[in-house]
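What follows is one structure encoded as structure tokens, with my remarks underneath.
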Amino acid sequence: MDKMMDSPWVLRIIALFLALLLFFSVRTELSPANKTITSEQTEVIRDVPVDVFYDDKNLIVTGIPKTVDVTIKGPMPLVIQTKATKDFSVFVDLSKLLIGEHNVKLQYENISDKLQVSFDPATVKVNIEEKVTQEFRVDPELNTRLIEEGYVLNGMTANPATVYITGAKSAIENISYVKATVTGEQGLKEPFSQVAAVKVLDRDLNKLDVTIQPETVKVQVDIGAYSRELPVVLKEIGKAADGITVNQLTTISPTKVRVYGRKSIIDSLTAIPVEVDLSNITESKTYEFDVKLPEGVTKISDSKIKVKADITKVEQEKTTTTTTTTTTTPDPKPKPTPPPPSEETSTPSEHNTPPPDKTEEVEEDIDS
């Protein structure tokens, strides 16, 4: 046996056999059938953008998904390269379609023909409509529960007040609300401004797929204390001076005032009483009286009220008493003044002769 192995021919034959065995083994591994079976691979490329070709100046297309998932299957090197580079595109060509609804297939380019390509979804339902642009007024809104108690929202304004909305004709016709929502912290009680995004909603408050120009507006929010305008009622106090009768008191201005405070308190008021002290009224003219704040009222528009007074002065009759002094007994009662002589009688009669003048008696008494 050792002699056989030492023979060069035996070694040559064994070497030839091993060479043939290795050759056929490598050939089998490199055959096309085996290569397909062992190197084929499947990969899913997710969220691939979809391009749409159509007349975007005059038409609006809805129903096209923004992205799709692409599945590729084939030789492993090609699959790996395609997934890594993503230098292909997925598109829908609508340039030759008319206005209306259509079912279209997704297409691709720059993918090797040796790869099998499929999409999810494979077909899409699109709607081609006329493009419409229309101007709409913006309605600002604020959650009133954010406002401090005792304060109210007086109003809100948007700048600009209107926006231009572009979209499909059906979407424009379904617009019910164009809102700009303002936010803030709890306890709002002062005016402020804020930039807010414009939202376009239908009647069910669903957001519509439209283009808004501009997309934001500046909203001015006016918040102030709660107020109401109430009539002025005059309330007489005190007593008029002797000899003065107050006939009428009339409110000149203002006849109404605006009061500020908590809503529950202000709503309970029906009028603002103004106290008029009659003792200060001495003649017919216009007076000013202070307005006292009712309890719970924080501010009032006018602190003074003008009131016109109409009075009558009563003249009192004054009686003059003449005291007569005599040397004897004084007369306890004043002597009545004689009536003036009648115009018909020019000469006093004997019965109308006045008593002697007592002036001389008084003078004599003083001399004595």
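The values are calculated or read from the model by the stated rules, or taken from the named source; none is laboratory data. All figures in this text were calculated on a predicted structure; none of them were measured in a lab. Methodologically, a virtual Cβ is constructed for each residue, glycine included, from the backbone with ideal geometry; neighbour enumeration extends over all protein chains shown.
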Failed condition for R145, given (1) closer than 20 Å to T183 by Cβ; (2) in contact with a strand residue (DSSP E or B) (Cβ under 9 Å, 6 or more places away or on another chain)
(2)
Taking E141, is it in a strand (DSSP E or B), in contact with a Lys or Arg (Cβ under 8 Å, 6 or more places away or on another chain) and more than 18 Å from V70 (Cα to Cα)?
yes
Among E185, E215, E149, E236, which is the only one that is touching a residue at least 60 places away in the same chain (Cβ under 8 Å) and either outside the structural domain of L59 (by the TED database) or not acidic (D, E) (or both)?
E149
All positions within the stretch 241-286 that are under 30 Å from I147 (Cα atoms), of a type in the set (A, V, I, L, M) and in a loop (DSSP other than H, G, I, E, B):
L269, A271
So T157, is it surrounded by fewer than 16 Cβ atoms within 10 Å (Cβ to Cβ) and in contact (Cβ under 8 Å) with a residue 60 or more places away in the chain:
yes
Quick count over the stretch 292-306, residues being over 27 Å from the mean Cα position of the chain (by Cα) and either closer than 15 Å to K235 by Cβ or among the aliphatic types (A, V, I, L, M) (or both), is 4
Could you list all residues from the stretch 106-115 that are farther than 14 Å from V92 by Cα and touching a Ser or Thr at 6+ places or on another chain (Cβ under 8 Å)?
N110, I111, S112, L115
Filter result (in a loop (DSSP other than H, G, I, E, B) and not aliphatic (A, V, I, L, M)) within the stretch 64-92:
P65, K66, K86, D87, F88
The lone exception for V61 - which of (1) among the β-branched types (V, I, T); (2) outside any helix (DSSP H, G or I); (3) loosely packed, with under 14 Cβ neighbours inside 10 Å it fails
(3)
Could you grab me the full set of residues in the stretch 151-209 that are of a type outside the set (S, T, N, Q), under 20 Å from the mean Cα position of the chain (by Cα) and assigned to a loop (DSSP other than H, G, I, E, B)?
P160, A161, G184, E185, G187, K189, E190, P191, L205
